[in-house]
Amino acid sequence: MSPSDIDKMRVVCRLAAETLKFIKPYVKPGVSTNEINQLIHDFTLENGAEPAPLGYHGFPKSVCTSVNHCVCHGVPDETVLKDGDVINIDVTPKKDGFYGDTSAMFFVGNVSDAAKKVTEVAHGAMWKGIEAIAPFGTTGDIGFAIGKYIQKKGLYAVKEIGGHGIGNVFHTDPFVPSFGKKGRGERLKPWTCLTVEPMINQNSAQIIEVPIANSSIKYYETHDKSLSAQFEHTILITDTSYEVLTLLED
Ligand code: MF3
Ligand code: CO
Ligand code: CO
């Protein structure tokens, strides 16, 4: 990416991070995922961006809302959040032709210790993956770091889905796995961006795929309805290190 492309990535990634900060106070018992969708849709437009999920391969909404056993790509609907739920909210504004992709878990009221654990481990896993990034390192280095951490914590990382290259396209090479071997996979090139977004399950790595009407995107659930958690950041690989573009400084 050119310096001006990188500037555009910085702007849209900051907006993505601000979108999660904006939505946080609304994530309370009694709110529906459709209401979260509408709030994020409006916030994105007010900030001069477009919600990239809307219409992406036929995806019907502006944000993904993945509740409890939903692994990812949950579709906002009439579901009303209740005390004890956990939800991943995954936002991707597009501005000036560039995409910023970030997600986080939110607790709805008071949640179980099990929910806290899977959330905490998903957060730790994302950071282990990010810290394994180095220019000319590999996607296997990231996957290895995530996999090792998850195994130590006694939880399970989803294999079929993971992070991706991003920039002036939403999803591109390389695939960023949550398992792997050091030195394997694709090389990480300076001045490109990728996401790290491990999905961590409570009971097993096994997931089921559920079709979304009129879309080629699928959503995923744990096969046994046990909990799943995920965090995501967009990262710029520099010539000496990396920068987490969707992290707010304050
Ligand atoms: N934001 C998701 C990701 O992290 C992709 C959502 S695609 C959609 O890659 F169509 F489901 F919105
Ligand atoms: Co992503
Ligand atoms: Co995302």
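Two numbers describe the Cα atoms of segment 8-67: Rg and Dmax, which are 11.7, 37 Å. In the chain, helical runs assigned H by DSSP with n ≥ 4 each contribute -39500 (n - 2.57); averaged across all residues and rounded to the nearest 500, the mean residue ellipticity at 222 nm is -9500 deg cm²/dmol. Classify segment 1-142 as rounded, prolate or oblate, taking a ≥ b ≥ c as the square roots of the eigenvalues of its Cα gyration tensor: rounded when a/c is under 1.5, otherwise prolate if a/b is larger than b/c and oblate if not. Cα axes put segment 1-142 in the oblate bin. The modelled label-to-label distance for the pair Asp42/Ile217, using points 7 Å beyond Cα in the direction of Cβ, is 2.2 nm.
Per-residue packing, averaged as other Cβ atoms within 10 Å, sorts the ranges 237-245, 44-52 into the order 44-52, 237-245, beginning with the highest. Segment 184-250 and segment 33-95 have Cα centres separated by 16 Å.
Seen through its C-alpha gyration tensor, with square-root eigenvalues sorted a ≥ b ≥ c, the chain comes out oblate because a/c lies at 1.5 or above while a/b is not bigger than b/c.
Taking only protein heavy atoms and a 1.4 Å probe, the accessible area of segment 3-244 is 51% carbon and sulfur. Rounded to the nearest 20 debye, the dipole magnitude of segment 3-244 is 720 debye, with +1 charges on Lys and Arg beta carbons, -1 on Asp and Glu beta carbons, and the Cα centre as origin.
Based on C-alpha pairs under 8 angstrom that are at least 6 apart in sequence, the chain has a relative contact order of 22 percent. Projecting the Cα positions of Gly137, Gly55, Asn88 onto the charge dipole of segment 1-141 (unit charges on Cβ atoms of Lys, Arg, Asp and Glu, taken about the Cα centre) puts Gly137 furthest along the positive direction.
Per residue, the accessible area of the chain comes to 45 Å², computed with a 1.4 Å probe over protein heavy atoms only.
Assuming 0.36 nm per residue, please report the length gained on full extension of the stretch Asp250 to Ala114 beyond their Cα-Cα distance. Let's see the in-between values first.
On the way: separation 136, 0.36 × 136 = 48.96 nm, distance 2.93 nm.
In short, 46.0 nm is gained.
To the nearest 0.05, what FRET efficiency results for Val80 and Asp239 with a Förster distance of 51 Å applied to their C-beta separation?
Values: r = 48 Å, r/R0 = 0.95.
Result of the calculation: an efficiency of 0.60.
The values are calculated or read from the model by the stated rules, or taken from the named source; none is laboratory data. It should be emphasised that the depicted structure is a prediction, and the values quoted were computed from it without experimental measurement. Glycine also receives a Cβ, built like all others from the backbone with ideal geometry; neighbour counts cover every protein chain displayed. What goes into the accessible areas is simple: the full protein's heavy atoms, side chains included, and nothing from ligands, DNA or RNA. Shrake-Rupley method; radii C 1.70, N 1.55, O 1.52, S 1.80 Å.
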